Amino acid sequence: MTKASKVIAFLVMIVLSTALVFAQESNASKATFGELGTDVDNFLDTVGWKDVELNSIFAYTRLGSNTGDGVLDLGAGVKAGSLYLGLYYNGAVVGQKAEPWTGKADLEWGPVGDRKSETIDVRNHEKANPSATYGALVGLGGMGIKFTFTDNLLVRKDGDQTATFGDTWFGNLKPYLELGGAFGPISKIGLGVDIVYNRSEMATLLGGPNVTYTTTTRFWNDVANTWNPVATQANLLDAEGDYIEPDIYLKLGFGSFTLENDLSFRIYGMPAFDKGGAAMVQPGVGFVTTNYDAEESKNRSFEALWDNRFSLQDVIAPSYNISGDAGKLTYSITGALPITIGVTAHSLNAKADNTAVKPDASVELNDYYKASVFTFGFAPELVAAVKYQLLDILSVQGGLSAVLFSWKVDAKTETKVKAPDSGDKQDLYTDIVTNYGAGVSADATENEFEFIHPKLAIGLGATFAMKNIALDFVFVQSLAPTIPGAIYSAVGDGLGNNETSIVLSMKF
């Protein structure tokens, strides 16, 4: 293939690659639930990149049924001597509107002829969610280093932009670094930080020199089927997001036995606002309200209710694989037992400075509600896959994934706390109970058990592989609790559901 034709082919792939948002995965892998794959699965893998046989360039794209949505799924690998470079993008390529992080608003006060004013910063950021993953891998010798960045953050402008200025943050950003190779029994080491947002921010001009800044974590309202700001103590305990989550991932191999471990913990916090809208950090999740007086150039009042929360989780996943070849038949069977252990601690706090409840005073109520949740669960799974080489250029593959059952227990414990019975703290506590319900924690324990019945998923695909080009199809990939249900659903899904796609890959 000439250099010009290589460039043309690569440009054609870019044009055609407005496909579905998938992870970097071949259809062969999708059809076999990760048991059997192609170069598409290996070119950005910190261990598997060595198995990609190419002279200089490998490229792939996914062709899906929602071409008009402007979604790109594209990857390429380049080899120069002993150096390998892999690049990847999966996400939207249109409509990524973004506006400045802050806007301006004017506060005015004083009599006519002697008017005074101050310009303050207000929030009015806006950002579309590209649902994008960027990836780059460098391979040298027997080691691969990969960096990925996931952008699933949506920021929506709120308010009338006249008297109210705000934005709502929802989604996450995640940088992730992985090292792959042979480090004794360890084959992969991953380090990541998941930054999760779920809050509303608002600046409300009250007339004259006063403005109120409010930041509120949100919770999922099952009744309204939407996200709502925290309004009660029960909401506060159910609030999600507004944390950073560092995690450490290890993958170890001992022959056919593999052990994966993913340890993570969450540090919760959100921005509050000082005078003029300057941001400061409020630990935990909840709400913070600040009233700023520009005439006096100070905060007139501050009110906060928050859960100073901490969470730790470890997922341990041992698995055993049996695989091999028998003529034109390739098979792989894996049994796994993922085990989840976690703990979440809650500690509710409140603070009021110069509010209606405590004018000209500052009072803080710490740890008036303390509770913890210990989680333990496991879900044994069996995955089986086969591939049969019908012709030199055609192979078919199928897979079956069975989650035998899923079992989990949440052991909830409340620690008894005595309510304040006098002074400023009692006044603040009475206000909390009146406006937000509940109150101090009691001495209580509760165990919640969850059992999910067996689930079955089936997959079927085919791959046409010629000298330099491969077309990878997935016909069926469906999940249902029973075999008849799986077959019925799979037939319907395979006849035009958005999961239907073709993966095109080329080697030069």
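Laboratory data are not the source of any read-out in this text; all were calculated from the coordinates shown. In this text, all values refer to a predicted model and were calculated from it rather than measured experimentally. Using ideal geometry, Cβ is built from the backbone for each residue, glycine included, and neighbour counts are taken over all protein chains shown.
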In terms of Cα to Cα distance under 12 Å, which aspartates and glutamates are near enough to K328, apart from those fewer than 8 places away along the same chain?
-> D392
Phi to ³J(HN,Hα) by Karplus 6.51 cos²θ - 1.76 cosθ + 1.60 over the range 324-339, Hz, x for Gly, Pro = x, 10, 9, x, 7, 9, 10, 9, 8, 10, 10, x, 9, 9, x, 10
Nearest-20 debye value, the range 152-252 charge dipole, Cβ charges on Lys, Arg, Asp, Glu | 240
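Counting each DSSP H run of 4 or more residues in the chain as -39500 (n - 2.57), what helix-only mean residue ellipticity at 222 nm follows after dividing by all residues, to the nearest 500 deg cm²/dmol? Please list the in-between numbers first.
Working: 6 runs with 55 residues, N = 508.
Helix contribution divided over all residues of the chain: -3000 deg cm²/dmol.
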Report, to the nearest 10°, how far helix 423-436 tilts away from the longest principal axis of the Cα atoms in the chain, using its own Cα long axis and a range of 0 to 90°.
-> 50
Tell me, what is the percent relative contact order of the chain, built from C-alpha pairs under 8 Å that lie six or more residues apart?
-> 12
Pairs to check: K104/K298; K116/K298; K79/K188; K30/K174; K188/K387. Give those whose C-alpha atoms are more than 20 Å from each other in this structure.
-> K79/K188; K30/K174; K188/K387
What base-10 log of the normalised intensity I(q)/I(0) is obtained for the range 151-213 from the Debye formula, alpha carbons as equal point scatterers, at q = 0.16 Å⁻¹?
-> -0.67
For peptides 438-450, 29-41, sequence by mean Cβ density within 10 Å, most packed first = 29-41, 438-450
Extreme residue, positive dipole direction of the chain, given options I120, I248, P185 (C-beta unit charges) = P185
Among V503, V288, rank each residue by its count of other Cβ atoms within 10 Å, from fewest to most, as a rough exposure measure.
-> V288, V503
Translational diffusion of the chain, µm² s⁻¹ [Kirkwood Rh, Cα pairs; Stokes-Einstein; 37 °C; 0.692 mPa s] = 124
Kindly provide the GluC sites (Glu not before Pro) of the range 147-253 that DSSP labels as loop, not H, G, I, E or B, and whose Cβ sees at most 14 other Cβ atoms within 10 Å.
-> E240
With the dipole of the chain worked out from charges on the C-beta (+1 for Lys and Arg, -1 for Asp and Glu) around the Cα centre, which of G208, L83, N198 lies farthest toward the positive end?
-> L83
Farthest positive-ward along the chain dipole, Cα basis, beta-carbon charges - from I145, Q282, I469 = I469
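Quote the charge dipole size of the range 313-391 about the Cα centre in Debye, to the nearest 20; the model charges only the Cβ of Lys and Arg (+1) and of Asp and Glu (-1).
On the way: 5 positive and 7 negative charges, 72 e Å.
That gives a dipole near 340 debye.
How high is the relative contact order of the range 324-389? Use alpha-carbon pairs under 8 Å, at least six apart in sequence, and give a whole percent.
Details: 109 pairs, mean separation 31.1, N = 66.
The value is 47 percent.
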Which lysines does K370 reach when only Cα atoms under 29 Å apart count, and residues fewer than 8 places away in its own chain are ignored?
-> K351, K358, K408, K412, K416, K418, K425
If amide H atoms are built 1.01 Å from N in the plane of the peptide, which residues on other chains or at least 5 residues away come under 5 Å of the amide H of V211?
-> L206, Y292, A294
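Under a point-charge model restricted to the Cβ atoms of Lys and Arg (+1) and Asp and Glu (-1), what is the dipole moment magnitude of the chain relative to its Cα centre, in debye to the nearest 20? Walk me through the numbers on the way to the answer.
Working: 38 positive and 58 negative charges, 351 e Å.
It works out to roughly 1680 debye.
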